[in-house]
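> Following this message is one structure expressed as structure tokens.
Readers should treat all values here as calculations from the given coordinates under stated rules, not as data from a laboratory. All figures in this text were calculated on a predicted structure; none of them were measured in a lab. Because the Cβ atoms are built from the backbone with ideal geometry, glycine has one as well, and the counts that use them run over all protein chains shown.
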Amino acid sequence: MDVTCSGPTPIARRPVAMLAGVFFFSGITSLVYQVAWQRLLSLHYGVGTVSITLIVSVYMLGLGFGSLLGGRLAERSSDPFALYAAVEFALGAAGLASFPLILILGRISAGPTPAVAPACLFAFLSLLTLLMGITLPLLAAIFSRLTGAFLASVSRLYFLNTLGAAIGAILTSYLLVPFIGLDGSVYAAAAVNLCLAALILG
């Protein structure tokens, strides 16, 4: 049966619902990372313009270029499910490495040294946010193939991801950081990314 009709077939409904849940939880992890990284940077740079500017600028840059790259990859990929799973896996792996690396680079750059470490932090965080930006156009392409409704897919996914991001910010600030700390929050988000990758492949 052709799954590119105006609505999802019974066979397509399960992957559509599953992918919607995946993108919702992906939005949660994105904001867990952002809040935790900003607090990690504040340990070395203080709660001021340096840490806030670094996080906000790297997020905007990574998400923008990631969306552009994700659109290109979605058009050329013969197996977008596997590609999306690979992106989620890469996010989880990079998330696991982010906590110790940010601490090391922050420690190096906290003294009167050149801005080499902040530049390295910017480059590393850009990689993670680039991966985050790839997810929306890639998953939108998967949804449109399953449902045949591209505009509805994009609006639905953006809503779910934004809702997840809002919940992630609240969870991180009021539950995760107070109870399991910054390191536990980052590692929990990375574990969720790895579980999402496994769920898609399964």
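> Projected onto the charge dipole of region 63-202 (+1 at Lys/Arg Cβ, -1 at Asp/Glu Cβ, origin at the Cα centre), which of 192, 165, 139 gives the Cα projection farthest towards the positive end?
Going by the Cα projections, it comes out as 139.
> Additional query: Please list 3J(HN,Hα) in residue order for region 97-105, calculated via the Karplus relation 6.51 cos²θ - 1.76 cosθ + 1.60 where θ = phi - 60°; whole Hz, with x for glycine and proline.
Values, residue by residue: 7, 5, 4, x, 5, 5, 5, 5, 5 Hz.
> Stretched out fully, how many nm does the piece from residue 53 to residue 65 gain, at 0.36 nm a residue minus the Cα gap? Mind dumping the intermediate values first?
Working: separation 12, 0.36 × 12 = 4.32 nm, distance 1.80 nm.
That works out to 2.5 nm of additional length.
> Specify the inter-centroid distance of region 133-157 and region 61-95, based on alpha-carbon positions, in whole Å.
Result: 13 Å between the Cα centres.
> Need the full-extension length gain, residue 166 to residue 152, defined as separation in residues times 0.36 nm minus the C-alpha distance. One decimal, nm. Can you show the working numbers first?
On the way: separation 14, 0.36 × 14 = 5.04 nm, distance 2.11 nm.
Working it through step by step, the gained length comes to 2.9 nm.
> Relative to the present Cα-Cα distance, how much length would full extension add between residue 82 and residue 119 at 0.36 nm per residue of separation? Intermediate results must be reported in sequence, preceding the final value.
On the way: separation 37, 0.36 × 37 = 13.32 nm, distance 3.20 nm.
Going from the current span to full extension adds 10.1 nm.
> Sticking with this one: Which FRET efficiency, nearest 0.05, do residue 199 and residue 72 yield, Cβ-Cβ r, R0 22 Å?
On the way: r = 25 Å, r/R0 = 1.15.
With a Förster radius of 22 Å, E is 0.30.
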